[in-house]
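Q: Sending over a structure as structure tokens; questions will come in a sec.
The values are calculated or read from the model by the stated rules, or taken from the named source; none is laboratory data. From a predicted model like this one, the values you see are computed outputs, not experimental measurements. Cβ placement follows ideal geometry from the backbone for every residue including glycine, while neighbour counts extend to all protein chains displayed. In case anyone asks, the SASA skips ligands and DNA or RNA and just uses the protein heavy atoms, side chains included. Shrake-Rupley method; radii C 1.70, N 1.55, O 1.52, S 1.80 Å.
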Amino acid sequence: MRYSLHLITRYPLSSLLIALIWYLCFLTPPQTGLEEVKNIDKWTHTAMYLVTCLTIWAEYLYKHSKTDWRKVILLAWAAPVVMSGIIEILQANCTGGRRSGEWLDFVANTIGATTALVIGILWAKYHAKG
């Protein structure tokens, strides 16, 4: 519990985005004209995880002068990917049919997190030179 509080206070914007993802993933989605756009749902998932994971990288690099690779990869890639899988399982089993868990959503989330991982690694290497 203490470590969770530490993460929330140390990474407030990242924590806010993670809470927003949880909220949006269990909210009943409104009907809009965007459903007509092919794969809009998958693009949205990719963008959510890309922005969230890049925010984690940004807050981490801002607060640390030396990169602990194991820690930042765990926090900025592995934890969001695992969280994504948990959310999809919960959507499939705990929403009474309001939401459906889709493995393609999980793949889209992983693509967003992995893209952020590549950008974050390059960013950290650049940050270390500066």
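Q: About the Cα centre, and with charges only on the beta carbon of Lys, Arg (+1) and Asp, Glu (-1), how big is the dipole of the chain? Nearest 20 debye, please.
A: The dipole magnitude comes to about 680 debye.
Q: Another question, then. Defining a contact as two alpha carbons under 8 Å apart and six or more residues distant in sequence, what relative contact order in percent does the chain show?
A: Worked out over the chain, it gives 33 percent.
Q: Where the accessible area of the chain is counted over protein heavy atoms with a 1.4 Å probe, how much of it, in %, is carbon and sulfur?
A: Its accessible area is 69 percent carbon and sulfur atoms.
Q: Another question, then. Starting from the Cα gyration tensor of region 75-130, take the square roots of the eigenvalues, sort them a ≥ b ≥ c, and report rounded, prolate or oblate (rounded when a/c is under 1.5, otherwise prolate if a/b is larger than b/c, else oblate).
A: Cα axes put region 75-130 in the prolate bin.
Q: How would you order 112-118, 48-54, 82-88 from highest to lowest mean count of nearby Cβ atoms within 10 Å?
A: 48-54, 112-118, 82-88
Q: While we're on this one: Report the number of Lys pairs in the chain whose alpha-carbons are under 29 Å apart, with separation of 8 or more residues or on distinct chains. Intermediate results must be reported in sequence, preceding the final value.
A: Details: K42/K71; K63/K71; K63/K125; K63/K129; K66/K125; K66/K129; K71/K125; K71/K129.
Step by step, the pairs that qualify in the chain add up to 8.
Q: A further question follows. How much net charge surrounds E35 when only other residues with a Cβ under 13 Å from its Cβ are counted (Lys, Arg +1; Asp, Glu -1)?
A: 0
Q: Another one. So how tilted is helix 103-129 from the main axis of the chain? Cα-based, degrees 0 to 90, rounded to 10.
A: Here the helix axis deviates by roughly 20 degrees.
Q: Same structure again: Jot down the per residue volume, in cubic angstrom and as a whole number, of the convex hull over the alpha-carbon atoms of the chain.
A: Hull volume normalised by residue count: 117 Å³.
Q: Give, as a single signed number, the net charge of other residues whose beta carbon lies under 15 Å from the beta carbon of A76, with Lys and Arg counted +1 and Asp and Glu -1.
A: +3
Q: Next question, about the same structure. Applying the Karplus parametrisation 6.51 cos²θ - 1.76 cosθ + 1.60 with θ = phi - 60° to the phi angles of region 2-7, what ³J(HN,Hα) value in whole Hz is obtained for each residue in order, glycine and proline being reported as x?
A: Ordered by residue, 3J(HN,Hα) equals 4, 5, 4, 5, 4, 5 Hz.
Q: Something else about it: Measuring with a 1.4 Å probe in the full set of protein chains, what accessible area per residue, in whole Å², belongs to the chain?
A: Details: 8430 Å² over 130 residues.
Accessible surface, normalised per residue, equals 65 Å².
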